[in-house]
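Notes follow the structure.
Please treat every number below as a calculation from the coordinates, not as lab data. What you see is a predicted model; the values in this text were computed from it and never measured. Methodologically, a virtual Cβ is constructed for each residue, glycine included, from the backbone with ideal geometry; neighbour enumeration extends over all protein chains shown.
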Amino acid sequence: MLELRNLSCGYGRRPLLEAVSVALQGGELLCLLGPNGVGKTTLFKTILGLLPALGGEIRLDGRSAARWSRRDFARRVGYVPQTHAPPFPFTVRDVVAMGRAAHRSVFAAPGTHDRELAAAALDTLGISALAEARYTEISGGERQLVLIARALAQAPRVLVMDEPTSNLDYGNQLKVMAHVRRIAAREDIGVILTTHHPNHALLYASRVLLIDRERRCHVGAPQALITEDYLRSTYGVETEIHDIHQRDGHLARLCVPRLGGVLSCAT
Ligand SMILES: Nc1ncnc2c1ncn2[C@@H]1O[C@H](COP(=O)(O)OP(=O)(O)OP(=O)(O)O)[C@@H](O)[C@H]1O
């Protein structure tokens, strides 16, 4: 679906990340993890064509990204940005319907089908009650949910999400991760998202792309790659990873900070 082949990206001529290779499959949720400033957003900007690749290739549905028209690429690849400053007081319903822009001719208003898809996306995220609210007058967390609904309304093949849970409360973080995973599987969408929470990746990702302190990339199963060693060498913190047998029979692997280490950081 989306394939990065030996991709290098960065600003000017200096690559920040080199030799990134991964093939994102339909239905899969790939979590991108790495420390602040390592180049995750830069990688996303390159995938989206906002920055030129410094080497390698991006392929979408078997064809080089360079050979897709901007419009066709935009129809297939949805993007949820990290932050979004609302310029005008559109209603939430209108903002979500804007996700359909790449499917319409330039000056056409959203049609019935566009509005239905927008309503369905609001419903999927459980925020239909916000439909008539002004986008400028809702909370940061609610805006984040609206942006995710906007991307879903686009009905993309690939969804690129830059820290989609960063403004969300605890419940909404878990609900959004579970929704995204379910929607990816149900709609056969390939999702790549950044998170700073190893537990999000352990609980919800099908695979992870880890970037370490030396900016080397590793792709594989979360259980194999998110280890106490990785977390120590990348983030400088001591953690323990445990398998927890839940009351409903599920097995969850979770990372827990070592309290000794955390408390000594605080003092
Ligand atoms: N427009 C730019 N020109 C030059 N350097 C930039 C530009 N934007 C970001 N950088 C630098 O590129 C590096 C990677 O930034 P990027 O935003 O990709 O990191 P990130 O991994 O997404 O970080 P975070 O987890 O903090 O969001 C940083 O050192 C940043 O200062």
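Annotations for the structure displayed:
- Of Thr124, Thr194, Thr165, the one that fluctuates the most in a GNM where the chain has Cα springs shorter than 10 Å: Thr124
- Put simply, the Cα atoms of segment 1-156 extend 46, 32, 29 Å along their principal axes, the longest span coming first.
- Largest to smallest principal axis extent of the C-alpha atoms in segment 134-261, angstrom: 46, 38, 29
- If a spin label sat at a point 7 angstrom from the Cα of Leu251 along the line to its beta carbon, the backbone N atoms of segment 169-207 nearer than 19 Å would be those of 199-207.
- In sequence order, calculated HN-Hα J values of segment 88-101 (Karplus, 6.51, -1.76, 1.60; Hz; x Gly/Pro): 10, x, 5, 6, 4, 4, 5, 4, 5, 5, 5, x, 8, 3
- Student exercise, the chain dipole from Lys, Arg, Asp, Glu Cβ charges, in Debye to nearest 20: 820 debye
- Residue separation of Asp188 and Ser64 scaled by 0.36 nm, minus their Cα-Cα distance, works out to 42.6 nm of gained length.
- Between segment 207-234 and segment 1-49, the alpha-carbon center distance in angstrom: 15 Å
- Annotation: amide H-H contacts under 5 Å for Thr239 (H modelled 1.01 Å from N, sequence separation of 5 or more, or interchain): Arg258.
- Space enclosed by the convex hull of the alpha-carbon atoms of segment 181-241, per residue, Å³: 82 Å³
- Spacing of the two label points (7 Å from each Cα toward its C-beta) at Thr227 and Glu240, in nm: 1.9 nm
- From the Kirkwood radius over Cα pairs of the chain, Stokes-Einstein at 10 °C and 1.306 mPa s returns a whole-number translational diffusion coefficient of 81 µm²/s.
- Short-range pairs are left out: with C-alpha atoms under 8 Å and at least six residues apart, the relative contact order of the chain is 23 percent.
- For segment 146-162, 3J(HN,Hα) computed residue by residue from phi via the Karplus equation (6.51, -1.76, 1.60; θ = phi - 60°) reads 5, 5, 5, 4, 4, 5, 5, 4, 5, 6, x, 8, 10, 10, 10, 10, 8 Hz, glycine and proline entered as x.
- Each Lys or Arg adds one and each Asp or Glu subtracts one; over the other residues with Cβ under 13 Å from the Cβ of Asn167, this totals -3.
- ³J(HN,Hα), Karplus 6.51/-1.76/1.60, whole Hz, each residue of segment 247-256, x for Gly, Pro: 4, 8, x, 6, 10, 10, 9, 9, 9, 10
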